[in-house]
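The next block holds one structure in the form of structure tokens; read it before the comments.
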Amino acid sequence: MQPPLLDRLRARGYRLTAQRRVVAQVLAGENVHLTADEVHQRAAVLLPEISRATVYSTLQQFAELGEVRELALDGRSKRYDPNVSPAHHHLVCDGCGLVYDVAHELAAPDLSAADRHGMRVGRGEIVYHGTCADCG
């Protein structure tokens, strides 16, 4: 298990403003896959003056640092996953959009040379779709 996002940012010497710290705190925990609007709503409880634009730019900065993964899993809003290591797959409810990490690494299917179109494949991602018990 990797350290929390806030600890990883501190270890990198990343300048933690109050806004960045609150966004990192909101993204703490297991199976966290929030949209930017959800991050903003939760961050505003902790820091009422935080703007939506600040949340969006902070999430983008965290993604550029490789400390948060930006996910487009269910055809809805992008979600942000602070669990960047190890690489993993996701399980998505097609009803409500609930997302879970698939806890263990699964090998991606090998691609034939023709299917790679000359690319060198670095990683694969699988998104499993289903219906959660609440949407059942």
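The values are calculated or read from the model by the stated rules, or taken from the named source; none is laboratory data. Just so you know, these numbers come straight off a predicted model, no measurement behind them. Methodologically, a virtual Cβ is constructed for each residue, glycine included, from the backbone with ideal geometry; neighbour enumeration extends over all protein chains shown. Calculation scope for accessible area: heavy atoms of the full protein, side chains included, ligands and nucleic acids excluded. Shrake-Rupley method; radii C 1.70, N 1.55, O 1.52, S 1.80 Å.
Below is a table of values for the structure above.
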quantity: Where the chain is the region considered: accessible area per residue in Å², 1.4 Å probe; calculated: 61
quantity: Rounded to 5, the percent of DSSP beta bridges in segment 27-134 classed as antiparallel; calculated: 70
quantity: Sequence ranges 118-130, 47-59, ranked by mean other-Cβ count within 10 angstrom, highest first; calculated: 47-59, 118-130
quantity: Computed [θ] at 222 nm, helices only, for the chain once each DSSP H run of length n ≥ 4 contributes -39500 (n - 2.57); calculated: -9500 deg cm²/dmol
quantity: Reported label for calculated P(r) over Cα pairs in 5 Å bins from 0, in percent given [x] 2, 10, 18, 19, 18, 14, 10, 6, 2, 1, 0; [y] 2, 10, 20, 22, 20, 13, 6, 4, 2, 1; [z] 2, 9, 14, 16, 17, 15, 10, 6, 5, 4, 2, 0, 0, 0; calculated: [x]
quantity: Of all accessible heavy-atom area on the chain, the percent that carbon and sulfur account for (1.4 Å); calculated: 50
quantity: Relative contact order (%) - the chain, alpha-carbon pairs under 8 angstrom, separation at least six; calculated: 21
